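Scroll down for the structure; my scribbles are underneath it.
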Amino acid sequence: MRYIGLTGNIASGKTAVADLLAAHGATIIDADVLARDAVAPGTPALRQIVARWGPGVLAADGSLDRTALRHIVFGDRSQLDALNDIVHPQVAALRTLRMEEAKARGDEVVVYVVPLLFEANLADDFDAIILVDAPRELRLERMLESRELSPDDARNMIASQMASELKRARADIIIENTGSLDDLRRSVDAAWEQLTARDGPSSLAGRILS
């Protein structure tokens with residue numbers, strides 16, 4: 001089994017790339033999905049979040065009010081770190097479970113989609129790392145078009161992540177997502193060929209696909 005890390009800063013296009021890789025037959029494990037599962041009603045993580053930040057972070061149905069929590073933690077490094085300390089261990093446990101399930105099925109390529117791959121020091125976990133990237137202003141534009149965010153909230157979310165320039169230096173494959181969906185599909189097709197080649201992803205180390 002080849003274990004691939006797929007990362008990229010917010011609004012870079014990770015989900016679109018993951019969908020295209022899934023169409024090729026990759027098993028996708030998404031950290032954002034695991035994070036939602038980790039804070040579902042009744043979970044230890046949600047209880048810890050409420051204990052720290054109060055019932056104001058809960059929606060009427062008892063689920064986590066992500067917008068309310070985002071206003072508290074983004075833009076405040078200490079608060080964000082505290083949230084990550086609660087959520088990340090639960091996400092790691094769920095990731096291990098999904099990996100064990102993939103191994104049991106005999107899946108050949110497993111892709112873990114994780115925005116904070118480098119920030120969480122996960123780089124050594126993978127056979128190869130794909131970085132999806134786009135200029136900051138294009139990502140900001142996408143966020144304002146597709147999400148109910150104020151410009152300040154969007155900028156704070158971008159600023160909370162490691163600069164993409166630092167991530168580019170550590171990625172094995174860089175997919176530039178600045179064009180059309182067809183352009184992106186061609187880049188993913190090329191990446192897939194290398195990921196599944198006999199000599200593996202090492203043959204593509206440092207290559208930029210656009």
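Each reported figure results from applying straightforward, stated rules to the coordinates on display, with no laboratory input. Quick caveat, the model's predicted, so the values are computed rather than measured. Positions of Cβ are generated from backbone atoms using ideal geometry, with glycine treated the same way; all protein chains shown enter the neighbour counts.
Run through all the Cα pairs of segment 1-86 and give the fraction in each 10 Å bin from 0, expressed as whole percent.
Bin by bin from 0 Å, the calculated values are 14, 40, 28, 17, 1.
Taking +1 at the Cβ of each Lys and Arg and -1 at the Cβ of each Asp and Glu, which of Ala92, Ala163, Val113 sits farthest along the dipole of the chain towards its positive end, judged by Cα position relative to the Cα centre?
Most positive-ward Cα: Ala92.
Given Cβ point charges of +1 (Lys, Arg) and -1 (Asp, Glu) and nothing else, what value in debye, to the nearest 20, does the dipole of segment 2-209 about its Cα centre take?
Approximately 240 debye in magnitude.
Among Leu140, Leu20, Leu64, flag the residue with its Cα farthest along the positive direction of the charge dipole of the chain, charges on Cβ as +1 for Lys/Arg and -1 for Asp/Glu.
Of the candidates, Leu64 comes out farthest on the positive side.
Output the 0 to 90 degree angle, nearest 10, between the alpha-carbon long axis of helix 14-24 and the longest principal axis computed from the alpha carbons of the chain.
On a 0 to 90 degree scale, this one is about 50.
Normalised by the empirical 2.2 N^0.38 Å for globular proteins, what value does the Cα Rg of segment 52-177 take?
Dividing the Cα radius of gyration by 2.2 N^0.38 Å gives 1.22.
Which FRET efficiency value, to the nearest 0.05, is calculated for Glu108 and Leu181 with the Förster distance at 30 angstrom and r the Cβ-Cβ distance?
0.75
What ranking of Ser164, Ser78 emerges when the number of other C-beta atoms within 10 Å of each C-beta is taken as an exposure proxy, fewest first?
So the residues, fewest neighbours to most, are Ser78, Ser164.
To the nearest 20 Debye, how big is the dipole of segment 1-61 about its Cα centre, given +1 on the beta carbon of each Lys and Arg and -1 on that of each Asp and Glu?
Here segment 1-61 has a charge dipole of around 200 debye.
Report Rg(Cα)/(2.2 N^0.38 Å) for the chain, keeping two decimals.
1.05
Could you please rank Ser187, Ser160, placing first whichever residue has the fewest other Cβ atoms within 10 Å of its Cβ?
Ranking Ser187, Ser160 by Cβ neighbours within 10 Å, fewest first, gives Ser160, Ser187.
Can you tell me the orientation of helix 77-105 relative to the chain, as the angle in degrees between its alpha-carbon axis and the longest Cα principal axis, to the nearest 10?
Orientation of helix 77-105: about 50 degrees from the principal axis.
Below 8 Å between Cα atoms, with a sequence gap of 6+, how large is the relative contact order for segment 2-209 in percent?
33 percent
For segment 125-181, what's the radius of gyration and Dmax over Cα atoms, in angstrom?
When restricted to the Cα atoms of segment 125-181, Rg and Dmax are 12.9, 38 Å.
Would you list Val17, Val87, Val50 from fewest to most Cβ contacts within 10 Å?
In increasing order of surrounding Cβ atoms, one gets Val50, Val87, Val17.
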